[in-house]
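The structure under discussion appears below in the form of structure tokens.
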Amino acid sequence: MKKLILITAMVFSTAFFAQTGPKIEFKDKDNTIDYGRVNKEDDNGVRVFEFTNTGDAPLIIINVQSSCGCTVPSKPTEPIMPGKTGKIEVKYNMNPGPIRKTITVETNAVNVDDGRVALKIKGEVYVKPVENLLEKKTKSPMMQ
């Protein structure tokens, strides 16, 4: 009888402390996308963070905000149902130099502190040197 009461108490306590509600899990390791070293002319600067609602209630993306104006995020407009995936698109303006930006996502998720998740982008943008054909030095066959 004591064992039955103990087991029943453990089951109820586990159910009581289990988090219910929407949960957000991002696909990218450490919630970071690495652009790598990219050429400004060959890359549009758009990257996508994919996530899944692993909870048991609709996930709402309340707000998505960048740490500066050079990075423009867009968020889903509809709730993400349990088991479904969503996307947050980020467009960096491809200014030459290092990329180190943070995007803050505000949600109703119960598995992250205050429903906020920090996403990061990193990398480096470079510009190909322009070759001026008029200044290009060539050896004339007669000068050899």
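Points to keep in mind about this one:
- Scoring residue 98 on the criteria (1) out of contact with any Leu (no Cβ under 6 Å at 6 or more places or on another chain); (2) under 24 Å from residue 19 (Cα atoms) leaves a single failure, condition (2).
- Residues in segment 85-111 that are assigned to a loop (DSSP other than H, G, I, E, B) and surrounded by 14 or more Cβ atoms within 10 Å (Cβ to Cβ): 94, 108, 109, 110, 111.
- Qualifying positions in segment 112-122 - assigned to a strand (DSSP E or B) and surrounded by fewer than 19 Cβ atoms within 10 Å (Cβ to Cβ): 116, 118, 120, 122
- Residues of segment 28-49 that are among the aliphatic types (A, V, I, L, M) and closer than 13 Å to residue 91 by Cα: 33, 46, 48.
- Given (1) modelled with pLDDT under 95; (2) surrounded by 10 or more Cβ atoms within 10 Å (Cβ to Cβ); (3) among the acidic types (Asp, Glu), index of the condition residue 135 fails: (2)
- Only listed residue being within 23 Å of residue 20 (Cα to Cα) and modelled with pLDDT of 95 or more, chosen from 88, 80, 103: 80
- Single match in 31, 63 (criterion: under 15 Å from residue 112 (Cβ atoms), surrounded by 15 or more Cβ atoms within 10 Å (Cβ to Cβ) and out of contact with any Phe, Trp or Tyr (no Cβ under 6 Å at 6 or more places or on another chain)): 31
- Output for segment 29-71, where each listed residue is within 12 Å of the chain's Cα centre (by Cα) and free of Cβ contacts under 8 Å to residues at least 24 places away in the same chain: 29
- Cross-chain or 6+ apart pairs with Cβ under 6 Å, segment 77-93 first and among the aromatic types (Phe, Trp, Tyr), then surrounded by 15 or more Cβ atoms within 10 Å (Cβ to Cβ): 92/45; 92/71
The values are calculated or read from the model by the stated rules, or taken from the named source; none is laboratory data. Quick caveat: nothing in here was measured; it's all calculated off a predicted structure. As a convention, Cβ positions derive from the backbone with ideal geometry for all residues, glycine included, and neighbour counts pool all protein chains shown.
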